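> Sharing a structure below in structure tokens format, with a few things to ask.
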Amino acid sequence: MSVAILFLTFQGSVTAMTVFFPLDTARLRLQVDEKRKSKTTHMVLLEIIKEEGLLAPYRGWFPVISSLCCSNFVYFYTFNSLKAVWVKGQRSTTGKDLVVGFVAGVVNVLLTTPLWVVNTRLKLQGAKFRNEDIVPTNYKGIIDAFHQIIRDEGILALWNGTFPSLLLVFNPAIQFMFYEGLKRQLLKKRMKLSSLDVFIIGAIAKAIATTVTYPMQTIQSILRFGRHRLNPENRTLGSLRNVLYLLHQRVRRFGIMGLYKGLEAKLLQTVLTAALMFLVYEKLTAATFTVMGLKSAGKH
């Protein structure tokens, strides 16, 4: 049954990612292309469609979905393996789940970052950038992107953005902390939470966690893209020194809000994705149990 639930959850996440993929495209453009004047999500999307074509907001969809599949597999496999070894039939606790989740997140980052680096490059290939410092790419696909990155930038370039990615592993912990806090406050006023209550506090907790960690997401995207002509004194990508340099440069040139370009699109995607995942999951679960019920009825 747990495998079926996991499959239904994954189906919901893929559906939601596909429907709201243009929002992620807008978010990435705003993060990487610092000189883009349009600040709102809908204006950025309209510019992309006008300049690059109707399907441009969906550029890089397949690499992202492929990376999502691999990332989910690595995370859940690592999480369940570590939990089985540590818990060993004992009752699991929230603290243990958080620790195991954090370790699984670190393993996931280290193993799947090359995939996310490649799909970030492919999503942005062919984009009409306002920033003239960005070096264009010409990849023929996922395999060719891997080959060119290793040949031109070295194999370690595939792990660009690893440091901020490791920091972002704390995102679920922040979300969980606020979720539990909000849930406790609501339970003081009522005996039981409805599905709508759970969805709303989950969305609020996710929005808070996203806002808190968004500057690191911005730096992560810039490092993964890795196509900016770098300052001669700062050629290496991925180090703590470089992360601090990029944060400082972004704030110096665009103010503190420069770290939050694209946040509107990210929050929209986060909340709408959660809503659609919830809806798809409920519908698929109901349909699955209905079919199972019909099958069992047929046997009698």
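The values are calculated or read from the model by the stated rules, or taken from the named source; none is laboratory data. None of the values given here were measured: they were computed from a predicted structure. When we count neighbours, we look across all protein chains shown, and the Cβ atoms used for this are built from the backbone with ideal geometry, even at glycine. With ligands, DNA and RNA removed, areas are computed over all heavy atoms of the protein, side chains included. Shrake-Rupley method; radii C 1.70, N 1.55, O 1.52, S 1.80 Å.
> Considering only I134, I208, I143, give the residue with the highest GNM mean-square fluctuation for the chain, with springs between Cα atoms whenever their separation is below 10 Å.
The residue with the greatest mean-square fluctuation here is I143.
> Could you state, as a whole-number percent, how many of the C-alpha pairs of region 61-160 are farther apart than 17 Å? Can you show the working numbers first?
Working: 3003 of 4950 pairs.
Taking all Cα-Cα pairs of region 61-160, the fraction more than 17 Å apart is 61 percent.
> May I pose another question? Looking at the chain, which longest stretch skips every one of the GluC sites (Glu not before Pro) that is in a DSSP loop with at most 14 other Cβ atoms within 10 Å, leaving the sites themselves out? Intermediate results must be reported in sequence, preceding the final value.
Details: sites that count: E132, E233.
Of all site-free stretches, the longest is 1-131.
> Of all trypsin sites (Lys or Arg not before Pro) in region 164-234, which ones are in loop regions per DSSP and have a Cβ with at most 11 other Cβ atoms within 10 Å? Could the numbers behind the result be given before it?
Numbers: sites: K183, R184, K188, K189, R190, K192, K206, R224, R227, R229; in loops: K188, K189, R190, K192, R227, R229.
Hits after loop and neighbour filter: K188, K189, R190, K192, R229.
> Right, another one. Write down the accessible area per residue of the chain in Å², having rolled a 1.4 Å probe over the full set of protein chains.
Details: 16640 Å² over 300 residues.
Ligands and nucleic acids excluded, the figure is 55 Å² per residue.
> Separate question: Taking a ≥ b ≥ c as the square roots of the eigenvalues of the Cα gyration tensor of the chain, is the shape rounded (a/c under 1.5), prolate (a/b larger than b/c) or oblate?
Details: a/c = 1.64, a/b = 1.59, b/c = 1.03.
Prolate shape, in that a/c is at least 1.5 and a/b is the bigger ratio.
> While we're here: Taking only Cα atoms, what is the 0 to 90° angle, nearest 10, from helix 21-32's long axis to the longest principal axis of the chain?
The angle comes out near 40 degrees.
> Can you tell me the orientation of helix 263-299 relative to the chain, as the angle in degrees between its alpha-carbon axis and the longest Cα principal axis, to the nearest 10?
Helix 263-299 sits roughly 30 degrees off the main axis of the chain.
> 222 nm [θ] for the chain, helices only, -39500 (n - 2.57) per DSSP H run of 4+, per residue, to 500? All intermediate terms of the calculation are to be shown ahead of the outcome.
On the way: 11 runs with 218 residues, N = 300.
Helix-only estimate at 222 nm: -25000 deg cm²/dmol.
> Using only protein heavy atoms and a 1.4 Å probe, report how much of L168 is accessible, in Å² to the nearest 10.
L168 exposes around 30 Å² with every protein chain in place.
> Quick check: net charge around V100, other residues with Cβ under 13 Å of its Cβ, Lys/Arg +1 and Asp/Glu -1? Intermediate values should be presented prior to the final figure.
Numbers: positive: K83, K88, K96; negative: D97.
So the environment of V100 carries a net charge of +2.
> Straight distance only, please: which lysines reach the Cα of K50 with their own Cα at less than 19 Å, same-chain residues fewer than 8 apart left out?
Straight-line reach from K50, under 19 Å: K35, K37, K39, K123, K128.
> Taking a probe of 1.4 angstrom, what is the accessible area of M43 in Å², to the nearest 10?
About 80 Å², rounded to the nearest 10.
> Same structure again: Can you tell me the orientation of helix 171-187 relative to the chain, as the angle in degrees between its alpha-carbon axis and the longest Cα principal axis, to the nearest 10?
40 degrees
> Considering only protein heavy atoms, what is the solvent-accessible area of D197 at a probe of 1.4 Å, reported in Å² to the nearest 10?
We get 30 Å² for D197.
> Also, I was wondering about something else. How high is the relative contact order of region 1-155, given as a whole-number percent (alpha carbon pairs under 8 Å, six or more residues apart)? Let's see the in-between values first.
Working: 102 pairs, mean separation 41.4, N = 155.
Relative contact order for region 1-155 comes out at 27 percent.
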